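The values are calculated or read from the model by the stated rules, or taken from the named source; none is laboratory data. None of these values were measured; they are calculated from a predicted model. Reconstructed Cβ throughout: ideal geometry from the backbone, glycine too, with neighbour counts over all protein chains shown. With ligands, DNA and RNA removed, areas are computed over all heavy atoms of the protein, side chains included. Shrake-Rupley method; radii C 1.70, N 1.55, O 1.52, S 1.80 Å.
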Amino acid sequence: MANRTVGIWMYGNSGGSVIEKKIVEQLKERDIDVETDLNLRFAKGSQEGIICNNINMLELDLFFSYNAGEQTKTQTYMYETISRYITTVNSYEAFTLSEDKFKSNIALSRAGIETSNFFICHREAPEYMVEKFKEWRKLVFKPIDGWGGSGMALLESCKSLDTLIPFLNQTDIRHIYLEKFIDYDFTDFRIDIVDGEFISCYGRKASEREWRTNISSGGSIILREANDEIIDIAKAATKALGLDIAGVDILYDREHEQYIVLEVNGIPAFATPDQEKMGLDFNDKKIDKIVELIDRKSKY
């Protein structure tokens with residue numbers, strides 16, 4: 001009879017359901033029961049706890065949330081509450097830190113990890129943004145909690161700056177977050193780390209009409225090898241943010257001839273079936289390490 005029960009909310013598209021099935025099978029081999037499809041969008045809370053699909057989330061031994069595309073404020077609110085009472089992978093604290101570009105870059109910088117130059121100010125002080133534009137000449141505006149390249153804008157002329165400010169005044173964005181544009185070859189490295197161990201490396205390449213490497217912005221996957229320096233940087237970045245699982249995006253800054261951590265993703269995707277066919281073969285290793293991580297952390 002199983003002595004532990006863990007809950008999972010896993011993305012289902014792009015091979016996610018197959019990944020989940022393998023994780024569940026391996027956990028059951030370790031005498032761990034698993035409840036799946038725990039989408040916190042449909043959770044309800046009371047004195048009895050937080051109920052989702054007839055499961056009291058606060059009675060689980062661990063909750064593993066791995067679905068970036070469907071995260072909403074409701075889900076993260078429940079995730080935060082659950083994380084106060086049971087073990088979660090990643091912890092809510094680490095997950096939200098990785099989601100905030102300014103806070104995560106502060107943490108990385110204080111840990112001695114190279115990032116792009118960054119700056120934040122309130123949107124009611126746009127003159128600060130103008131000053132940064134004069135200093136850097138080419139910069140990137142980003143939502144502090146955006147992902148997949150959504151909402152980003154490349155500012156390289158006074159005209160683009162003049163267009164952005166009126167747009168911000170019509171939104172509920174409170175902060176202006178900027179990064180100095182990095183002189184790079186329009187490719188990046190994605191390093192996957194699980195429980196402090198290197199899992200995989202691949203890259204992304206921007207399309208001919210884009211400067212962003214994000215797949216959702218038209219970028220494509222490329223095969224590439226990691227060197228020891230990149231792996232060490234990725235491990236250090238993961239540790240600095242307190243993440244159990246991370247995908248660390250790294251660029252090579254040609255101007256300063258050094259590797260730069262662009263951002264750290266707390267829910268890095270597995271390889272899709274098409275990507276596996278082109279040579280990305282890290283899924284089984286990643287599954288094994290995640291199962292080991294869940295087994296170890298659910299004991300305590």
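Here are some notes:
A quick yes/no check of all residues on (1) surrounded by 14 or more Cβ atoms within 10 Å (Cβ to Cβ); (2) farther than 24 Å from Ser83 by Cα; (3) out of contact with any Cys (no Cβ under 6 Å at 6 or more places or on another chain); (4) of a type in the set (Asp, Glu):
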residue	(1), (2), (3), (4)
Arg204	yes, yes, yes, no
Thr213	yes, yes, yes, no
Ala226	yes, yes, no, no
Ile250	yes, yes, yes, no
Glu263	yes, no, yes, yes
Gly279	no, yes, yes, no
Ile287	yes, no, yes, no
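- Here the condition is being at negative phi, outside any loop (DSSP other than H, G, I, E, B) and hydrophobic (A, V, I, L, M, F, W, C); of Ile120, Ile144, it holds for Ile120 alone.
- Pairs, first acidic (Asp, Glu) in the range 272-283, second not in a loop (DSSP other than H, G, I, E, B), C-beta under 7 Å, six or more apart: Glu276/Asn283
- Among the residues of the range 67-100, the ones that are open to solvent by 50 Å² or more (accessible area, probe 1.4 Å), under 15 Å from the mean Cα position of the chain (by Cα) and either aliphatic (A, V, I, L, M) or over 10 Å from Gly266 (Cα atoms) (or both) come to 4 in all.
- Unique residue being among the small types (Gly, Ala, Ser) and at pLDDT 80 or above when the list is Gly151, Gly247, Gly218, Gly146: Gly247
- Flag: Ser104 matches the condition of being open to solvent by less than 30 Å² (accessible area, probe 1.4 Å), touching a residue at least 40 places away in the same chain (Cβ under 8 Å), within 14 Å of Glu263 (Cβ to Cβ) and small (Gly, Ala, Ser).
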